[in-house]
1. Taking residue 66 as the residue in question, decide whether it is closer than 30 Å to residue 35 by Cα and either modelled with pLDDT of 95 or more or part of a loop (DSSP other than H, G, I, E, B) (or both).
2. Which of the residues spanning region 41-52 are surrounded by fewer than 12 Cβ atoms within 10 Å (Cβ to Cβ) and assigned to a loop (DSSP other than H, G, I, E, B)?
3. Go through (1) in a helix (DSSP H, G or I); (2) in contact (Cβ under 8 Å) with a residue 40 or more places away in the chain for residue 96 and report which single condition fails.
4. Go through region 4-17 and give me each residue that's within 13 Å of the ligand (Cβ to nearest atom), over 14 Å from residue 30 (Cβ atoms) and part of a loop (DSSP other than H, G, I, E, B).
5. Among the numbered conditions (1) more than 28 Å from residue 87 (Cα to Cα); (2) exposed (fewer than 10 other Cβ atoms within 10 Å of the Cβ), tell me where residue 135 comes up short.
6. What tally of residues in region 18-40 results from selecting those that are assigned to a loop (DSSP other than H, G, I, E, B), out of contact with any helix residue (DSSP H, G or I) (no Cβ under 6 Å at 6 or more places or on another chain) and either at negative phi or away from the ligand (no atom under 14 Å from the Cβ) (or both)?
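The values are calculated or read from the model by the stated rules, or taken from the named source; none is laboratory data. Note that the coordinates shown come from a computational prediction; the quantities given were computed from them, not determined experimentally. As a convention, Cβ positions derive from the backbone with ideal geometry for all residues, glycine included, and neighbour counts pool all protein chains shown.
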Ligand SMILES: [Zn+2]
């Protein structure tokens with residue numbers, strides 16, 4: 001026969017066995033409860049045999065499991081969003097080939113310059129510079145691609161971690 005020992009701090013009821021008489025258990029709320037003596041146990045509400053769980057009654061503290069599950073689910077959700085975002089942007093980025101940025105007509109024009117013109121052009125570049133530097137689109141596309149690849153990978157890792165946590169929380173034996 002088992003009995004229900006109510007916690008003095010919260011409303012939780014703990015199944016206790018006469019073999020536990022005099023022992024102490026900890027409630028999920030942190031309160032330490034002393035299981036009464038055999039005589040005191042008889043004053044408690046007996047647990048109907050059909051409802052009594054097998055094994056000795058232990059305090060039920062399901063909070064860590066629930067928290068793990070919530071964190072796991074959040075990781076999955078966040079990972080899916082980040083991964084989908086990174087993947088979606090990645091499909092939009094086109095990195096042009098290097099050849100496309102080379103202008104063959106410009107090369108040909110330089111070949112046709114006579115030495116005097118070539119010298120004037122060189123002194124002009126020397127004195128004026130090549131003008132403000134523009135990051136070529138190809139490089140921007142490449143770095144953007146790297147950036148969003150990290151989003152995609154980070155998202156996948158988060159989904160994997162979240163899956164492991166959730167599975168662990170669901171498969172772990174109830175405490
Ligand atoms: Zn309690």
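1. no
2. Across region 41-52, the qualifying residues are 43, 48, 49, 50, 51.
3. (1)
4. 11, the sole residue that qualifies.
5. (1)
6. Count: 8.
Listed here are the residues, each with its yes/no results for (1) touching a residue at least 40 places away in the same chain (Cβ under 8 Å); (2) closer than 30 Å to residue 25 by Cα; (3) out of contact with any strand residue (DSSP E or B) (no Cβ under 9 Å at 6 or more places or on another chain); (4) outside any helix (DSSP H, G or I).
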residue: 106; (1), (2), (3), (4): no, no, yes, no
residue: 130; (1), (2), (3), (4): no, no, yes, yes
residue: 138; (1), (2), (3), (4): yes, no, yes, no
residue: 148; (1), (2), (3), (4): yes, no, yes, no
residue: 154; (1), (2), (3), (4): yes, no, yes, no
residue: 166; (1), (2), (3), (4): yes, yes, yes, no
residue: 170; (1), (2), (3), (4): yes, yes, yes, no
